[in-house]
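The structure under discussion appears below in the form of structure tokens.
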Amino acid sequence: MSAAPMFRLLGGCLIFGFTWASIGTVQVRLHVDAHFDGIELFRFCLKPFKRLSVPQYGECPLGERTVDLRLQEVADYTEIAIPDPVHVWPDRFALVVTTSSSSAGNATLSYAGPLSNGDGWRVANFSSDTTVLSGELRLKCASGRYGPRCNLACAETERYDCDENGAKKCKNGWTGLDCGKAICSTACQNGTCTAPEVCSCASGFRGARCEECIPLPGCQHGACRNGEPNTCQCEKGWKGLLCDYDLDYCSRASPCENGGLCMNGGPEQFTCQCPQGFSGDRCEIPSGADPCHQEGICSNGKSF
């Protein structure tokens, strides 16, 4: 037995569809009532409509299919995949139906007219000189296709949605052509807005808005010079490539004791001017004191 056809008989209706991946699906419902009890075969031919001619079966550039009603197995409705002959649905088309019956022979019926996406089911009467077959047709665009002829492409992304007409509608945080420009409510100072409220910083900068310059690695008491990365401009009182030499040791360390006056020398260097009654590098020795213990011999100087 042949494989089950990709059609469905439901409530006296023959239902099927022609499908093109780049366009959509033409769905067909034909009312097969008692008047057509003797029909054994249906042939369907889909073609562009040409004025001044009566549609005949002939060549079927948009697709064709045969339904054998004598088969015992009838599958659920399935759409018939057709190799894409075109990428835009024609303004008008013709669907030619040829019926075959062992008792009554063959008959050719046709419908010609417009069919647009969004029209819903359109009543279609397939007629010949002697017979009328009623049904409905509708066009449904494939996913990502829009417009009356399914000729507008729009595939939703993280940046935009598609409206009912296939126009791109930017999501929050995106703007510009094809919604390709991210929006940052506060401008990126030294970088680029690459996603909504996200700044991608240029080399040498950091921070939520790339507002912070990155100084020379190891810079201890300084910052970038004039906003230039990889530099180290020392704070007041510091010196050196990495601003790690203290020029104001007196203020920070207060090394002089007993009221001695501290005077900065070089980096980490100082001199104490001691008040009367004290001596020593830090004015730590009271006058008259014997700094030498255990019978040591004392001599004047700054070291003991």
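Taking the Cα of Ser287, stepping 7 Å toward and past its beta carbon, and measuring to each backbone N in the stretch 232-267: which are under 18 Å?
Residues 257-261 qualify, since their backbone N sits under 18 Å from the label point.
Using just the alpha carbons, could you tell me how many Å³ per residue the convex hull of the stretch 130-216 encloses?
Output value, Cα hull per residue: 98 Å³.
In nanometres, what is the gap between the two model label sites at Asn125 and Thr157, each 7 Å from Cα along Cα-to-Cβ?
5.0
According to a simple spin-label model (label point 7 Å from Cα along Cα-to-Cβ), what is the distance in nm between Gln273 and Ser116?
Distance between label points: 10.0 nm.
Peptides 267-276, 137-146: what's the order by average Cβ count within 10 Å, highest mean first?
137-146, 267-276
Step through the table entries Lys50/Lys168; Lys47/Lys169; Lys50/Lys169; Lys140/Lys171, compare each Cα-Cα distance with 31 Å, and write down the pairs that go over it.
Details: Lys50/Lys168 35 Å; Lys47/Lys169 35 Å; Lys50/Lys169 38 Å; Lys140/Lys171 26 Å.
Those over the limit are Lys50/Lys168; Lys47/Lys169; Lys50/Lys169.
Only Cα pairs under 8 Å and at least 6 apart count here; give the relative contact order of the stretch 153-241 as a rounded whole percent.
It rounds to 14 percent for the stretch 153-241.
Determine, from the Cβ-Cβ distance of Ala21 and Asn230 and an R0 of 35 Å, the FRET efficiency 1/(1 + (r/R0)^6), rounded to the nearest 0.05.
Using R0 = 35 Å, I get an efficiency of 0.05.
Just so you know, all these numbers are worked out from the coordinates, no wet-lab data involved. The model shown is predicted, which means the values in this text are computed figures rather than measured ones. Using ideal geometry, Cβ is built from the backbone for each residue, glycine included, and neighbour counts are taken over all protein chains shown.
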